[in-house]
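Read the structure below first, then the notes.
The values are calculated or read from the model by the stated rules, or taken from the named source; none is laboratory data. This is a predicted model, so every value here is computed, not measured. Cβ coordinates were reconstructed from backbone atoms using ideal geometry, including for glycine residues, and neighbour counts include every protein chain displayed. We work out accessible area using only protein heavy atoms, side chains counted, and drop any ligands, DNA or RNA first. Shrake-Rupley method; radii C 1.70, N 1.55, O 1.52, S 1.80 Å.
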Amino acid sequence: MNGNFTLASAHQSVRDRIRLACEAAGRSPTEVALLAVSKTRTADEVAALAACGQHAMGENYLQEALDKQALLGNTPLEWHFIGPIQSNKTRKIAEHFQWVHSVENLRIARRLSDQRPDPLGPLNICLQVNVSGEDSKSGCAPDEAIGLAREMAALPRLRLRGLMAIPEPTEDVNLQRRRFGMLRELHAQIRQELARMDETEGSKARATFDTLSMGMSDDLEAAIAEGSTMVRVGTALFGPRPRKAASETP
Ligand SMILES: *Cc1c(COP(=O)(O)O)cnc(C)c1O
């Protein structure tokens, strides 16, 4: 079987799913971006997907991502960091990515802002929120999100673009909708808060707070129904992942 053909058809079917979900929700497909999650995939696979017209790639493991970026230096891609962030990794993340979706506390946000090289312009970030309570460890608590968003929006070399969540996997579509709906409501509240902040402080934080990063291979339809503007899809594009990234060191 021709691998690139398989990848091209998988890419097309994910785009079809996005389009159909948008139609069902009365939304335009141009409102939902596709982030291809390329963790554990080789540089050749990423290059093949780029050749299908896919521009945005999401990576979870820093060293693996840097290795791929070095191999793909001539391919113009937009790199998104979506994995857990240890503080000793923030400098490289700030230097080598256009987006970071997994910012969950102020300490990491400040380091990313401090370490972002000026010439690259602001680093786009999303605040990750835990919408699944006890069933998830990552993300800030929902009741902390507004306060954190205010502080992150004020950091000089970051641009707070929105919210991200990874709800616990479930086949219960109503539960998927509730989790994503919670993120959508928080997003609306934060937009209002940023509008107030812009008025009193002369900032411009609200206009660029435009992203809801939610939905993966198994739940992108529910996420789009609840307002997702960026779905992060790995398995449905590349097939099942090997258990662990070979190149990742602890
Ligand atoms: C791996 C991963 C994805 C993609 O998950 P699939 O189920 O393979 O589509 C999306 N978001 C994050 C944060 C991930 O770690």
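Rg and Dmax of the range 1-128, both derived from C-alpha coordinates alone, stand at 16.0, 48 Å. Restricting the calculation to Cα atoms, every distinct pair contributes to the Kirkwood radius of the range 41-89, found to be 11.2 Å.
Direction-averaged shadow area of the convex hull around the Cα atoms of the range 143-250, nm²?
Projected area, direction-averaged: 8.9 nm².
Given in Å, the Rg to one decimal and the Dmax to the nearest whole number for the Cα atoms of the range 98-176 are 13.8, 46. Each residue, N174 and R241, gets one label point 7 Å from its Cα in the Cβ direction; the gap between the two is 3.1 nm. For D172, D118, D219, D143, the ranking by accessible surface with the largest value first comes to D143, D118, D172, D219, using a 1.4 Å probe. Modelled spin labels at A43 and L71, positioned 7 Å past Cα toward Cβ, are 0.6 nm from each other. Name the aspartates and glutamates eligible as straight-distance cross-link partners of K68: C-alpha to C-alpha under 17 Å, and not fewer than 8 places from it in the same chain. The qualifying aspartates and glutamates are D44, E45, E59, E78, E95, E248. Remark on L160: its backbone amide H falls under 5 Å from those of I125, a criterion applied only to residues 5 or more positions apart or on other chains, H modelled at 1.01 Å from N.
For the chain, the equivalent ellipsoid built from the Cα gyration tensor has semi-axes of 27, 23, 17 Å, listed from largest to smallest.
Taking trypsin sites (Lys or Arg not before Pro) that fall in a DSSP loop and have at most 13 other Cβ atoms within 10 Å as cut points, what is the longest piece of the chain between them?
Of all site-free stretches, the longest is 1-136.
Among the GluC sites (Glu not before Pro) within the range 130-214, those in coil by DSSP and having at most 12 neighbouring Cβ atoms inside 10 Å are E171.
If I take every Cα pair under 8 Å that is 6 or more residues apart in the range 147-250, average their sequence separation and divide by the length, what percent do I get for the relative contact order?
Relative CO of the range 147-250 lands at 26 percent.
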